[in-house]
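What follows is a single structure, written as structure tokens, with notes after it.
The values are calculated or read from the model by the stated rules, or taken from the named source; none is laboratory data. All of these numbers come straight from a predicted model, not from anything done at the bench. As a convention, Cβ positions derive from the backbone with ideal geometry for all residues, glycine included, and neighbour counts pool all protein chains shown.
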Amino acid sequence: MLQQTRVDAVVPYYERFLEEFPDVHTLAQASEEDVLRLWSGLGYYRRAKMLHKAASIVSEDCEGAFPRSQTEWQELPGIGEYTSAAIASIAHGEAVGVVDGNVRRVVARHGALRLRANDRKLHQHAQNWMATRMTELAEVQEPGSLNQAVMELGATICTPANPNCDVCPLKIGCAAAGKNAATFPLSAKRAQEIALDICFFLAEKDGMFLLRPCTGRWTKGLWEPPSLECCPDSQLQDLWSQSGETGMIGSRLGAVRHRITKYKIHAHFFRLEGARKDQFVAPESVPLSGLGKKAIRAYLST
DNA sequence: CATCCGTGGCT
DNA sequence: TAGCCAAGGAT
């Protein structure tokens, strides 16, 4: 859950998740839909699918026995270089360094490395740096604590925008401390942005909404209200009817901005009247996409 | 190795 | 507001 996601955002999901799936066997036996429903709103839904798959592997193929080394952990789906190192060092005391965004930033500043945040060379530098620290501190018997200390330093003191060099335990020896620390690392190059307007249509009856499974490669398994790429409002009804849909497009319910990687989505919400009722489902009974959740919220708040 | 995946908080 | 980015991984 913590992959690319802040602790504050994770905690409530984590608690609900463990309440529902208290052990690996329970998670393995759950349906993917149930797992996704508890993940709905957290984002990066592939993580949930891969965690579910990993639970099946541990539960069924390994009879509930978890891996014991970074190498073994990394064989599980969704467990990559960072997560396997974090688990192996923190849970098993393996002397392997973790490299995440925090560590890369700390290392870039410490060496005043003029590299981009997503440059593989910076990642390599950070790995070497952590390996050296791990060797120097060999008498410290908790490799996980070293790893967590550097990540925590990046999260609380060596922060992206306003680093607090005055209180930093690494200011001695840091090439950027108190000078230009905030300019490291150089900002990542970003893909060309693409603006997209999407209209969502909300039909509701007795708390049930018209919701359908998403068909996109990345959103499969999630549900949303039906939508169209936007056109002028005056043509919406024609386009809707021509696509074989039933119902009349009604009043506008508002709009939200949503960013997914390079896509800047402007989502518009409309009421839909008189749609066929056979596809109406209770929104809490299916895993909603992020935009689907916002759409329902927009409807309920008007 | 570039690109894909979500969401929320901060500036 | 718009931009930036976060305890990444798979393809």
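Points worth noting:
- Residue A:142 vs. criteria more than 18 Å from residue A:181 (Cβ to Cβ) and among the charged types (D, E, K, R): yes
- When residues of the range A:257-297 are limited to those that are under 21 Å from residue A:34 (Cβ atoms) and among the hydroxyl-bearing types (Ser, Thr, Tyr), the one farthest from DNA strand B (Cβ to nearest atom): A:285
- Residue within the range A:71-90 that is hydroxyl-bearing (Ser, Thr, Tyr), within 16 Å of the chain's Cα centre (by Cα), under 22 Å from residue A:129 (Cβ atoms) and near DNA strand C (Cβ under 9 Å from one of its atoms) present: yes
- Top-ranked residue in the range A:4-45 [being surrounded by fewer than 16 Cβ atoms within 10 Å (Cβ to Cβ) and of a type in the set (Lys, Arg); ranked as nearest to residue A:78 (Cα to Cα)]: A:6
- Filtered by the rule that a residue be assigned to a helix (DSSP H, G or I), in the same structural domain as residue A:20 (by TED's automatic domain parsing) and surrounded by fewer than 18 Cβ atoms within 10 Å (Cβ to Cβ), the range A:57-73 gives A:57, A:60, A:61.
- Residue within the range A:129-146 that is part of a helix (DSSP H, G or I), within 16 Å of DNA strand B (Cβ to nearest atom) and touching a helix residue (DSSP H, G or I) at 6+ places or on another chain (Cβ under 9 Å) present: no
- Selection of the range A:147-162 for residues being in contact with a Lys or Arg (Cβ under 7 Å, 6 or more places away or on another chain) and within 13 Å of DNA strand B (Cβ to nearest atom) yields only A:160.
- Of the residues making up the range A:101-128, those that are farther than 19 Å from residue A:3 by Cα, in a helix (DSSP H, G or I) and within 14 Å of DNA strand B (Cβ to nearest atom) are A:121, A:122, A:124, A:125.
- Some residue of the range A:95-104 being surrounded by fewer than 16 Cβ atoms within 10 Å (Cβ to Cβ) and out of contact with any Gly (no Cβ under 7 Å at 6 or more places or on another chain): no
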